[in-house]
Amino acid sequence: MNILVTGGAGYIGSHVVKSLFEAGYNVVTLDNLEKGHREAVLGGEFIKGDLKDRELLDSIMKDYEIDGVIHLAAHSLVGESMENPGKYYKNNVSNGLNLLEAMVDNDVKYLVFSSTAAVYGEPREVPITEDHPTAPTNTYGESKLFFEKMMKRYDEIYGLKYVSLRYFNAAGADLSGKIGEDHDPETHLIPIVLQKALGLRDKLYIFGNDYPTRDGTCIRDYIHVNDLADAHVLAIEGLTRGLESRIYNLGNGEGYSVKEVIETASRVIGKPIEAGVGDRRPGDPAVLVASSDKIKEELGWDPQYPDLETIIETAWQWHKRGGFNENE
Ligand SMILES: NC(=O)c1ccc[n+]([C@@H]2O[C@H](COP(=O)([O-])OP(=O)(O)OC[C@H]3O[C@@H](n4cnc5c(N)ncnc54)[C@H](O)[C@@H]3O)[C@@H](O)[C@H]2O)c1
Ligand SMILES: O=c1ccn([C@@H]2O[C@H](COP(=O)(O)OP(=O)(O)O[C@H]3O[C@H](CO)[C@@H](O)[C@H](O)[C@H]3O)[C@@H](O)[C@H]2O)c(=O)[nH]1
């Protein structure tokens with residue numbers, strides 16, 4: 001099986017590429033390296049290019065006889081999406097449509113998509129199941145929901161079969177020490193907390209402490225990036241076995257507040273980590289916690305690193321060694 005991975009040089013994509021490779025797939029990675037790292041792609045072919053380049057998509061699908069696509073390439077920052085919505089509609093919707101069109105024209109039938117908990121907005125009840133109403137509170141979540149709707153139509157009209165994986169908060173790093181999270185600028189909570197602990201940044205701010213939660217700070221469900229990656233392999237296997245199009249949540253079913261994440265990181269590292277309190281970040285729901293029962297029951301997904309301390313420990317090992325700087 002020949003699989004095209006868009007965004008495979010990024011944080012989650014590089015872990016997906018490694019898992020696919022280990023499971024015996026032929027992998028072709030397409031990434032424009034706007035955010036990704038060439039050295040993060042540990043196996044298969046690498047092509048530097050952009051989703052907006054329709055000719056390139058056609059030639060990759062033909063030349064490599066692509067059977068399925070795992071589509072991770074996107075802009076993905078909640079805060080930025082509320083400052084620059086057009087950037088999100090362009091890349092996540094318009095460039096994504098280019099990919100769908102190329103798949104139809106080249107008769108590529110299977111698609112696994114990186115969706116997000118942000119499609120739900122402020123939940124009516126937690127844990128959130130896949131049939132919870134969608135009402136995104138930010139442009140990012142809305143752009144991902146638009147793409148899900150396009151996939152549904154392409155299934156109805158062209159028979160494209162898809163699995164949409166709605167990830168909650170990805171964190172941690174591969175145990176090999178070769179790949180991990182390395183964004184510039186970094187905006188995600190766990191790497192920021194670890195950078196603060198390493199003295200690589202002056203300030204750490206909690207974005208709002210007046211949310212309706214147990215300690216006033218936002219609650220999220222953190223999932224280890226290798227457990228996420230495994231779900232992609234299960235999804236592509238399912239599709240090629242004849243699974244109908246599906247949406248699955250991916251989280252651990254346990255929510256941690258921003259304060260609890262900082263406390264857990266201090267425990268893992270063995271020293272206090274100082275944090276100030278800043279304003280709320282526009283677009284942030286107060287609570288996002290997943291029910292992932294559906295993918296466990298239907299595809300046998302079995303997370304190996306569900307506990308927050310372990311997730312942070314793997315991220316700490318990666319950041320302590322200096323990320324890609326150390327590997328270079
Ligand atoms: N990190 C999370 O917690 C999280 C949670 C839910 C969903 N997601 C989704 O997972 C996917 C991967 O997230 P990530 O955290 O690894 O982000 P990332 O920025 O590290 O990876 C995205 C990759 O896509 C590439 N890319 C972006 N636009 C492109 C384009 N037009 N053409 C070619 N390459 C392009 C970037 O260079 C980058 O390498 C995204 O779709 C994101 O929305 C992430
Ligand atoms: O310096 C910081 C950074 C973050 N936060 C808070 O920490 C929580 C987690 O934030 P972050 O790590 O930025 O992740 P999210 O904004 O929850 O978004 C992630 O998780 C979503 C799914 O829940 C994905 O869709 C997004 O792509 C991914 O970036 C949020 O409440 C933030 O407000 C802070 O308080 N201080």
Could you tell me whether A40 is within 16 Å of ligand 2 (Cβ to nearest atom), out of contact with any Leu (no Cβ under 7 Å at 6 or more places or on another chain), modelled with pLDDT of 95 or more and of a type in the set (A, V, I, L, M, F, W, C)?
-> no
Before we move on, is L97 under 19 Å from L160 (Cβ atoms), out of contact with any Phe, Trp or Tyr (no Cβ under 6 Å at 6 or more places or on another chain) and part of a loop (DSSP other than H, G, I, E, B)?
-> no
Determine if the range 176-183 includes at least one residue that is within 10 Å of ligand 2 (Cβ to nearest atom), surrounded by fewer than 21 Cβ atoms within 10 Å (Cβ to Cβ) and either hydroxyl-bearing (S, T, Y) or in contact (Cβ under 8 Å) with a residue 24 or more places away in the chain (or both).
-> yes
Only one of E156, E186 that is open to solvent by 40 Å² or more (accessible area, probe 1.4 Å), more than 14 Å from the chain's Cα centre (by Cα) and without any contact (Cβ under 8 Å) to a residue 12 or more places away in the chain = E156
If G172 satisfies every condition in (1) surrounded by fewer than 21 Cβ atoms within 10 Å (Cβ to Cβ); (2) of a type in the set (G, A, S); (3) on the phi > 0 side of the Ramachandran plot but one, which is the exception?
-> (1)
Return the residue satisfying two criteria in turn: it lies in the range 53-103 and is among the hydroxyl-bearing types (S, T, Y) and over 22 Å from the mean Cα position of the chain (by Cα), and of such residues it is farthest from N2 (Cα to Cα).
-> S59
Out of curiosity, is A315 within 12 Å of ligand 2 (Cβ to nearest atom), in contact with a strand residue (DSSP E or B) (Cβ under 7 Å, 6 or more places away or on another chain) and assigned to a helix (DSSP H, G or I)?
-> yes
Residues satisfying the stated conditions in the range 41-50, i.e. open to solvent by 20 Å² or more (accessible area, probe 1.4 Å) and more than 20 Å from S19 (Cβ to Cβ) = K48, D50
Selected residue (only one of R246, R281 is touching a residue at least 24 places away in the same chain (Cβ under 8 Å), open to solvent by 60 Å² or more (accessible area, probe 1.4 Å) and in the same structural domain as K18 (by TED's automatic domain parsing)) | R246
Could you list, in sequence order, all residues of the range 189-233 that are open to solvent by less than 20 Å² (accessible area, probe 1.4 Å) and on the phi > 0 side of the Ramachandran plot?
-> G208, G216
Subset of the range 100-129, residues farther than 17 Å from P285 by Cβ, β-branched (V, I, T) and not in a helix (DSSP H, G or I), comes to V108, V112
Would you tally the residues in the range 11-40 being open to solvent by less than 20 Å² (accessible area, probe 1.4 Å) and part of a loop (DSSP other than H, G, I, E, B)?
-> 1
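Conditions tested, residue by residue: (1) in contact (Cβ under 8 Å) with a residue 24 or more places away in the chain; (2) small (G, A, S); (3) within 16 Å of ligand 2 (Cβ to nearest atom); (4) within 20 Å of G323 (Cα to Cα).
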position	(1), (2), (3), (4)
S14	yes, yes, yes, yes
V27	yes, no, no, no
L33	yes, no, no, yes
K48	no, no, no, no
K87	no, no, yes, no
Residues of the range 196-215 classified as in contact (Cβ under 8 Å) with a residue 12 or more places away in the chain and touching a helix residue (DSSP H, G or I) at 6+ places or on another chain (Cβ under 7 Å), total | 5
Confirm whether L56 is in the same structural domain as S114 (by TED's automatic domain parsing), within 13 Å of ligand 1 (Cβ to nearest atom), open to solvent by 10 Å² or more (accessible area, probe 1.4 Å) and not in a loop (DSSP other than H, G, I, E, B).
-> yes
Looking at P272, is it touching a residue at least 60 places away in the same chain (Cβ under 8 Å) and either out of contact with any Cys (no Cβ under 8 Å at 6 or more places or on another chain) or acidic (D, E) (or both)?
-> no
Can you spot a residue in the range 78-93 that is open to solvent by less than 30 Å² (accessible area, probe 1.4 Å), assigned to a loop (DSSP other than H, G, I, E, B) and under 25 Å from L30 (Cα atoms)?
-> no
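The values are calculated or read from the model by the stated rules, or taken from the named source; none is laboratory data. Given the structure is predicted, the values throughout are model-derived calculations rather than measurements. Reconstructed Cβ throughout: ideal geometry from the backbone, glycine too, with neighbour counts over all protein chains shown. Protein only, heavy atoms only, side chains kept; ligands, DNA and RNA dropped before computing areas. Shrake-Rupley method; radii C 1.70, N 1.55, O 1.52, S 1.80 Å.
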